[in-house]
1. Go through the range 138-147 and give me each residue that's surrounded by 14 or more Cβ atoms within 10 Å (Cβ to Cβ) and either in a helix (DSSP H, G or I) or of a type in the set (Gly, Ala, Ser) (or both).
2. Confirm whether SER136 is over 30 Å from ASN62 (Cα atoms) and among the polar types (S, T, N, Q).
3. Does the range 137-146 include one or more residues that are over 23 Å from PHE55 (Cα atoms) and among the polar types (S, T, N, Q)?
4. Can you tell me which condition TYR64 does not meet? The list is (1) hydroxyl-bearing (Ser, Thr, Tyr); (2) in a helix (DSSP H, G or I); (3) under 22 Å from PRO120 (Cα atoms), and all the others hold.
5. Cβ-Cβ below 7 Å, separation at least six or inter-chain, first residue in the range 266-293 and free of Cβ contacts under 8 Å to residues at least 24 places away in the same chain, second surrounded by 14 or more Cβ atoms within 10 Å (Cβ to Cβ) and of a type in the set (Asp, Glu): which pairs?
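The values are calculated or read from the model by the stated rules, or taken from the named source; none is laboratory data. No experiment lies behind these values; they were computed from the predicted model shown. Neighbour counts are summed over all protein chains in view; Cβ atoms, including those assigned to glycine, are modelled from backbone coordinates with ideal geometry.
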Amino acid sequence: MTLWRITQAVLNGLLSGGVYALIGVGITIIFGVMKMVNFAAGAYLVWGMYFTYLFNVITGLNAYALIPIVIVCMALFGFVTFKLSINKVIKVGGTSFILITVGLSFFLQNLAETIFGTQPLTVPSSLQQASLRVGSIANLPVVLSVPRLIAFGVMLVLVIGVNILLNKTILGRSMRATAEKPEVATMLGINTQRTYTVAFILGVAFAGLSGCIITPMYYVQASVGDIFRTAPLMVVVMGGMGNIKGALVAGLLVGIVEQVVSTMISADLGTVGICLLFLIILYIKPYGLFGKGERAA
């Protein structure tokens, strides 16, 4: 019985961690290029959920069929917020960027609550309760949640896509060059302003897409942003700032620890488990799992 519970919790955590990893990769892209942390990722996730709900009402399509539409909407949303707010503080950087994204986080969540109300909304899906049996332990079935499995698959596809973008395309090389030496990149004719814009839009799109694919698992309401405000930031730090592979691995670890602690000890202690994991990893690896410390001059 105990082995079955642990196995089920680990599998559920692995799939849940895919969502943390997806948001974490988005934050990592922004940090990798702009050297600034986006604290508004949870708010953009909320808007991804509301766009999914809105187009579900209009078209009747389920959340997964709406993925392309939500990505386009979030890209436009990211572009607008970048031009109206983020663009103003790029050159200043530091605490200004932190303050503007923290402010954006609360503003966007409150705006969503004002427009759509405080009542929990739902996006119906025929797969909402679907599960896939993958084996059994002590005659008890080991199952995977289909919505979580789909979310995990989407995360893997996008991470592979981002890796190809960064390493195999001219835009990706421009982003990497801007991340390394923005002044040199400008001298080489790279439009760093456009690169910053694309990086921010990608980060926002990842957060919004995360919101889209979790609608079969969560009620659509602004408070969901609070759930995903802190954990993805911990994922980025644990993985190593600016390291996409690190965000992926740390996201999966966070999901597993949260589920195991919630299942085996108490559902109220899942967040405590994440915090302990965070402290342990940073104690052992101060720069994160795949992070590299700056060399002394």
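1. Hits for the range 138-147 are SER145, VAL146, PRO147.
2. Values: over 30 Å from ASN62 (Cα atoms): yes; among the polar types (S, T, N, Q): yes.
So SER136 passes the test.
3. yes
4. The one condition TYR64 does not meet is (2).
5. GLY270/GLU258; GLY273/GLU258
A quick yes/no check of all residues on (1) part of a strand (DSSP E or B); (2) of a type in the set (Gly, Ala, Ser); (3) out of contact with any Ser or Thr (no Cβ under 9 Å at 6 or more places or on another chain); (4) over 25 Å from LYS245 (Cβ atoms):
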site	(1), (2), (3), (4)
PHE77	no, no, yes, yes
VAL80	no, no, yes, yes
SER85	no, yes, no, yes
GLN109	no, no, no, yes
LEU132	yes, no, no, yes
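Residues are listed down the side, and each one gets a yes or a no for (1) modelled with pLDDT of 90 or more; (2) not in a helix (DSSP H, G or I); (3) not small (Gly, Ala, Ser):
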site: ILE150; (1), (2), (3): no, no, yes
site: VAL162; (1), (2), (3): no, no, yes
site: LEU171; (1), (2), (3): no, no, yes
site: ARG176; (1), (2), (3): no, no, yes
site: ALA185; (1), (2), (3): no, no, no
site: ILE190; (1), (2), (3): no, yes, yes
site: THR195; (1), (2), (3): no, no, yes
site: ALA207; (1), (2), (3): yes, no, no
site: GLY225; (1), (2), (3): no, no, no
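For (1) β-branched (Val, Ile, Thr); (2) modelled with pLDDT of 85 or more; (3) out of contact with any Gly (no Cβ under 8 Å at 6 or more places or on another chain); (4) not in a helix (DSSP H, G or I), each residue gets a yes or a no:
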site: VAL92; (1), (2), (3), (4): yes, no, yes, yes
site: THR101; (1), (2), (3), (4): yes, yes, yes, no
site: GLU113; (1), (2), (3), (4): no, yes, yes, no
site: GLN119; (1), (2), (3), (4): no, yes, yes, yes
site: GLN129; (1), (2), (3), (4): no, no, yes, yes
site: VAL157; (1), (2), (3), (4): yes, yes, yes, no
site: LEU165; (1), (2), (3), (4): no, yes, no, no
